[in-house]
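The next block holds one structure in the form of structure tokens; read it before the comments.
Read-outs: derived from the displayed coordinates by stated rules, not from any lab. If you're wondering where the values come from, they're calculated on a predicted model, not measured in any experiment. Cβ placement follows ideal geometry from the backbone for every residue including glycine, while neighbour counts extend to all protein chains displayed.
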Amino acid sequence: MTDHDTRRPPDTPADLNLDYRVAHLAEHLAAGPLGELGVRLVARGDAVQLTGTVPSTQCRDEILTMAREELAGHPVHCDLLVAGTASPGQGEDLT
């Protein structure tokens, strides 16, 4: 019995198309109204992973919506962290 690798070879037109779409989204995030430079987009096989830190949950949700629209047909994994902006509960005691 012969095993056949069902994965596409690298640099097929579909892979290049995904790379183009990821680069386009990264450019759109940086130049758009969010001006978001802290988000990394990495194509991993057929999926795309978003990592980084954003200032608010609203910003994270907008980025995720944009990614899902731009990368329709590909799974999008969101590992974006929201920066803590709340003030501390109490002051630091210095002695």
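Taking a sphere under 14 Å around the Cβ of His77 and counting the other residues whose Cβ falls inside, with K and R at +1 and D and E at -1, yields a net charge of +2.
In this structure the amide hydrogen of Thr53, modeled in the peptide plane, comes within under 5 Å of the amide hydrogens of Leu81, none closer than 5 places in sequence on its chain. In a fully extended conformation the segment linking Glu92 and Val42 would gain 14.0 nm over its present Cα-Cα distance, using 0.36 nm per residue. Along the stretch 31-46 the Karplus relation, 6.51 cos²θ - 1.76 cosθ + 1.60 evaluated at θ = phi - 60°, assigns HN-Hα couplings of 8, x, x, 6, x, 8, 9, x, 9, 9, 10, 10, 7, 10, x, 8 Hz to successive residues, with x for each Gly and Pro.
Sorting Ser87, Ser56 by the number of Cβ atoms found within 10 Å of their own Cβ, with the fewest placed first, yields Ser87, Ser56.
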